[in-house]
Amino acid sequence: MRQKRVTVEVRNGAIVPGEDPVVISGGSHVIQWELVTPGYTFPADGIALKGGASPEFSNGHPANQGRFYQLNDRNSRVGDHHYTIRVDGAPPVPPLDPTIRNQQ
């Protein structure tokens with residue numbers, strides 16, 4: 001399984017992903033979001049797919065004391081998949097709703 005890393009930072013009171021949409025092509029991937037702003041971590045629901053569970057995505061979990069969040073993407077369904085990023089820390093910031101774009 002290939003890896004895709006996406007940086008995430010908190011800047012000016014907002015979550016800012018390094019890539020939106022996150023483009024996945026060429027088979028299955030582990031998507032790994034890396035939170036690079038000190039003082040913030042990913043909670044258990046740090047990455048949540050809109051519309052709930054899907055067989056396309058699995059095993060989402062924070063790693064390395066919340067510095068990373070990992071999610072398996074089968075990349076078998078082409079199209080846009082909307083998700084929410086949440087982080088814990090101070091000062092609090094609102095969630096963000098970016099997109100994963102699966103391509104063959």
Log entry, pairs with first residue in the range 77-104 being of a type in the set (Asp, Glu), second being in a loop (DSSP other than H, G, I, E, B), beta carbons closer than 9 Å, six or more apart or on different chains, reads Asp80/Pro21; Asp88/Phe42; Asp88/Pro43; Asp88/Gly46; Asp88/Gly66; Asp97/Lys50
Expected single match for touching a Ser or Thr at 6+ places or on another chain (Cβ under 7 Å) and not small (Gly, Ala, Ser) among Glu19, Glu9 is Glu9
Exception for Pro92 within (1) in contact with a strand residue (DSSP E or B) (Cβ under 9 Å, 6 or more places away or on another chain); (2) modelled with pLDDT of 95 or more; (3) not polar (S, T, N, Q) falls at (1)
Within the range 38-66, restricting to residues that are buried (at least 17 other Cβ atoms within 10 Å of the Cβ) and part of a loop (DSSP other than H, G, I, E, B), the one that is nearest to the chain's Cα centre (by Cα) is Gly46
Within the range 79-104, of all residues that are in a strand (DSSP E or B) and closer than 18 Å to Asn12 by Cα, the one nearest to the chain's Cα centre (by Cα) is Ile85
Residue hits (the range 58-72; touching a Ser or Thr at 6+ places or on another chain (Cβ under 9 Å) and free of Cβ contacts under 8 Å to residues at least 60 places away in the same chain) are Pro62, Gln65, Gly66, Arg67, Leu71
Scanning the range 69-92 residue by residue, the ones that are more than 15 Å from Asp45 (Cβ to Cβ) and among the hydrophobic types (A, V, I, L, M, F, W, C) total 2
When (1) surrounded by 15 or more Cβ atoms within 10 Å (Cβ to Cβ); (2) under 12 Å from the mean Cα position of the chain (by Cα) are applied to Val30, the one that fails is (1)
When every residue in the range 67-103 that is of a type in the set (A, V, I, L, M, F, W, C) and farther than 16 Å from Arg5 by Cβ is compared, the one surrounded by the fewest Cβ atoms within 10 Å (Cβ to Cβ) is Ala90
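The values are calculated or read from the model by the stated rules, or taken from the named source; none is laboratory data. Just so it is clear, the structure is predicted and the values come from calculations on it, not from any experiment. Neighbour counts are summed over all protein chains in view; Cβ atoms, including those assigned to glycine, are modelled from backbone coordinates with ideal geometry.
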